[in-house]
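Notes follow the structure.
The values are calculated or read from the model by the stated rules, or taken from the named source; none is laboratory data. Please read these numbers as outputs of a predicted model, since none were measured by experiment. Backbone-built Cβ (ideal geometry, glycine too); neighbour counts: all protein chains shown.
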Amino acid sequence: MQRPTLKIAPRASAHAIRCFLLALVVLPLAQYDSAQNTPLISGGGAFFTSTNGGNTNYYPITEPVLAAPLGQHILVESRASLLESFSPGGGSQPGYIHSHFIAESYLQGDFLALPRLTIVAGHYLIPFNTYNERLSPPWIGNFQDGPLISPLGLLQGGSGLGGMLRGNAFASNKHSISYAYFYSTRRNAEEFAAHRGTGGRASLYLPEQRLELGLSYDRLLQGTHENFYGAYLWWEPKDTGLRVRSEAARGHHAQGYWVEADYRLKAFGGFDSAIGRIEPVFRMQQTLRRDTIVSDGLPLVNTQRADFGLDYNFPHNIRILTSYARQFSSTGNRNVWETGIAYRFLFPAWKGK
């Protein structure tokens with residue numbers, strides 16, 4: 001299972017817990033503010049299974065999210081990941097091997113400086129393309145594992161430490177332009193780990209066509225300096241249940257793309273009918289090697305993969321995810337079967353006035 005924002009660090013469990021609890025200290029401070037500024041605790045939990053090459057792994061996962069406003073201009077955000085892994089043993093280790101991981105994905109403060117400018121400081125998700133920020137939580141994505149190219153552009157970690165400027169540069173009824181620029185410093189400690197780098201993203205959204213497209217650029221500024229380029233396109237035709245998402249990325253050692261489409265069966269009684277909750281999904285992806293010096297988190301040989309899924313959206317934010325994938329490469333073809341159930345929760349930290 002590949003989730004780039006989940007930084008697996010067994011020895012960092014205590015540090016990650018302290019990082020997430022650090023964000024919770026703002027709750028008593030915010031309690032004295034107005035009712036509309038009540039902090040929210042959200043997130044989700046999931047239980048995933050993955051059968052790859054005849055071996056089945058089990059992944060219970062919980063990701064709590066905190067959003068705590070401090071007045072009208074400051075917002076504190078944080079997300080933690082708690083993952084249990086049960087994998088088949090072998091040889092001298094019969095049965096299943098159990099691993100336990102806890103990690104902090106981000107802990108940041110947002111300052112709403114101007115109507116079109118937000119200043120972000122702390123440990124944040126790197127804004128390269130869209131998957132890292134928008135689709136990586138287990139209760140959002142249509143598939144339980146991320147695209148093969150998702151590590152590209154994330155500076156070998158997925159999170160940056162430093163500052164970011166982001167906002168909407170221009171907006172009208174016809175189109176809007178948004179931006180994000182970040183600078184990350186280097187930190188090798190287990191908590192708030194990050195690489196030194198800079199980059200950003202610019203995107204154009206056309207409301208009438210419900211079309212969004214954008215470009216991303218990152219540069220790694222430590223070790224061997226490398227550039228990463230990205231582009232994405234999202235399209236959700238109006239009055240249909242169709243969504244099309246796609247990304248392409250290029251690094252110094254590899255490049256690739258993915259295209260994903262899902263369709264809610266709206267024609268059969270609407271989205272909330274028993275049939276309308278069914279969601280067929282499909283994803284095609286490919287990675288191409290430029291050299292084999294460093295993997296960048298991608299396969300070390302050219303790889304193609306087709307994912308076929310059938311999800312079901314129950315009431316009360318419960319989803320069933322099932323998929324079959326066929327992966328092709330020079331090292332051998334394989335089948336990947338995945339199933340899971342995901343649940344999203346959302347509630348205020350206390351009752352507002």
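Please work out which residue is modelled with the highest pLDDT, limiting yourself to the range 81-136 and to residues that are of a type in the set (Gly, Ala, Ser) and surrounded by fewer than 14 Cβ atoms within 10 Å (Cβ to Cβ). Selected residue: ALA121.
Answer yes or no as to whether ARG277 is surrounded by 13 or more Cβ atoms within 10 Å (Cβ to Cβ), of a type outside the set (A, V, I, L, M), under 18 Å from LEU242 (Cα atoms) and over 21 Å from the mean Cα position of the chain (by Cα).
Values: surrounded by 13 or more Cβ atoms within 10 Å (Cβ to Cβ): yes; of a type outside the set (A, V, I, L, M): yes; under 18 Å from LEU242 (Cα atoms): yes; over 21 Å from the mean Cα position of the chain (by Cα): yes.
Taking the combined requirement at face value, the residue satisfies it.
Scanning the range 162-186 for residues that are over 15 Å from TYR217 (Cα atoms) and surrounded by 23 or more Cβ atoms within 10 Å (Cβ to Cβ) gives no hits. Restricting to the range 243-261, name every residue that is over 21 Å from GLN156 (Cβ atoms) and crowded, with 18+ Cβ neighbours inside 10 Å. Listed by number, the residues that qualify are ARG243, ARG245, SER246, GLU260.
Of all the criteria given as (1) modelled with pLDDT under 90; (2) farther than 21 Å from GLY141 by Cα; (3) not β-branched (Val, Ile, Thr), the one not satisfied by ASN52 is (2). Taking the conditions (1) in contact with a Phe, Trp or Tyr (Cβ under 9 Å, 6 or more places away or on another chain); (2) without any contact (Cβ under 8 Å) to a residue 40 or more places away in the chain in turn, LEU220 satisfies each one other than (2). Comparison of ARG319, ARG326 shows that the only residue that is assigned to a strand (DSSP E or B), closer than 21 Å to GLY146 by Cα and under 22 Å from the mean Cα position of the chain (by Cα) is ARG319. Applying the criterion of being touching a Leu at 6+ places or on another chain (Cβ under 6 Å) and hydrophobic (A, V, I, L, M, F, W, C) to the residues of the range 205-227, the residue that is farthest from THR240 (Cα to Cα) is LEU220.
The residue of the range 187-227 that is farthest from VAL294 (Cα to Cα), among those that are surrounded by 15 or more Cβ atoms within 10 Å (Cβ to Cβ) and of a type in the set (Lys, Arg), is ARG210. Somewhere in the range 147-164, is a residue touching a helix residue (DSSP H, G or I) at 6+ places or on another chain (Cβ under 8 Å), under 19 Å from GLN108 (Cα atoms) and touching a residue at least 40 places away in the same chain (Cβ under 8 Å)? Looking through the range 147-164, at least one residue is touching a helix residue (DSSP H, G or I) at 6+ places or on another chain (Cβ under 8 Å), under 19 Å from GLN108 (Cα atoms) and touching a residue at least 40 places away in the same chain (Cβ under 8 Å). For GLY309, the conditions (1) surrounded by fewer than 18 Cβ atoms within 10 Å (Cβ to Cβ); (2) of a type outside the set (A, V, I, L, M, F, W, C); (3) in a strand (DSSP E or B) are fulfilled apart from (1).
Only one of the numbered conditions (1) in a loop (DSSP other than H, G, I, E, B); (2) more than 19 Å from the chain's Cα centre (by Cα); (3) in contact (Cβ under 8 Å) with a residue 40 or more places away in the chain is violated by THR292, and that is (3). Scan the range 71-80 for residues that are in contact with a helix residue (DSSP H, G or I) (Cβ under 9 Å, 6 or more places away or on another chain), crowded, with 17+ Cβ neighbours inside 10 Å and not charged (D, E, K, R) and the total you get is 3.
Any residue at all in the range 62-73 that's modelled with pLDDT of 55 or more, under 30 Å from ARG326 (Cβ atoms), assigned to a strand (DSSP E or B) and hydrophobic (A, V, I, L, M, F, W, C)? So far as the range 62-73 goes, no, none of its residues is modelled with pLDDT of 55 or more, under 30 Å from ARG326 (Cβ atoms), assigned to a strand (DSSP E or B) and hydrophobic (A, V, I, L, M, F, W, C).
When we screen LEU310, LEU298 for residues that are within 18 Å of the chain's Cα centre (by Cα) and at negative phi, the only hit is LEU298.
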